[in-house]
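Worksheet: the structure to be examined is printed underneath.
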Amino acid sequence: PIAQLSTNTHTKRATAPTFGTNLIAAFSHQQSTMHPQAEQLIQKVDDFIAGYPNICQYDRLRELEKKTGQPKVYFFVLFVGVITSVIFGLGGMKLVSDLMGFAYPAYMSFKAIDSPDPTDDTQWLTYWCIFALFSITENVMSFLVEWIPFYYVIKVAFFTWLYHPKFNGATLMYKQIVQPFIIPYIQSMQENAKPQKKED
């Protein structure tokens, strides 16, 4: 029995590296046979990470990619998932939606302050005007949060639409809603606030 136990132990030790090697080979084969659309998606995420190297910790992700041999996109998605889960656990979907509407725009607004181009200043000032109007409306009509299904998901999508460079929805809303309906009232209030000259 002792000899048989020793033989089984040596057999397990011998087959362990083979199992690990087969697992790595299977994973590598799965990557090589990845669907073209999945490869395009990974490439887009990789380009996004490279576009924001400081925020996404691009250098550290590249080091992990070299050490493990796995795409850095996997580690980035895992990191984002963990952070999102922690935030969701602390404040729920409301905190997630608030951070989605504040964190990235605040970062880009700080960059716009140091930028000599006035175009980005206008863009982010417009966004914050829409953000303020939305926040006031949300606080006044808070009962709508319970009535509208998937409210916070819609809120995240709305904020993303507002500041995403591809859509730039804040500028559209400013031109279609704020400028024709709200700006005239502000101008009339400014004119009424001016001191009138006394007639002799």
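Observations, loosely collected:
- Counting only helices (runs of 4 or more DSSP H) that sit completely within region 119-192, those holding 1 or more residues that are surrounded by 12 or more Cβ atoms within 10 Å (Cβ to Cβ) and of a type in the set (Ser, Thr, Tyr) correspond to 151-163, 169-173.
- Some residue of region 71-82 being among the small types (Gly, Ala, Ser), open to solvent by less than 40 Å² (accessible area, probe 1.4 Å), within 30 Å of ASN139 (Cβ to Cβ) and part of a helix (DSSP H, G or I): no
The values are calculated or read from the model by the stated rules, or taken from the named source; none is laboratory data. These numbers were taken from a predicted model, which means no experiment stands behind them. For neighbour counting, all protein chains shown are included, and Cβ atoms are generated from backbone atoms with ideal geometry for every residue, glycine included. These area figures cover heavy atoms from the full protein model, side chains too; ligands, DNA and RNA do not enter into them. Shrake-Rupley method; radii C 1.70, N 1.55, O 1.52, S 1.80 Å.
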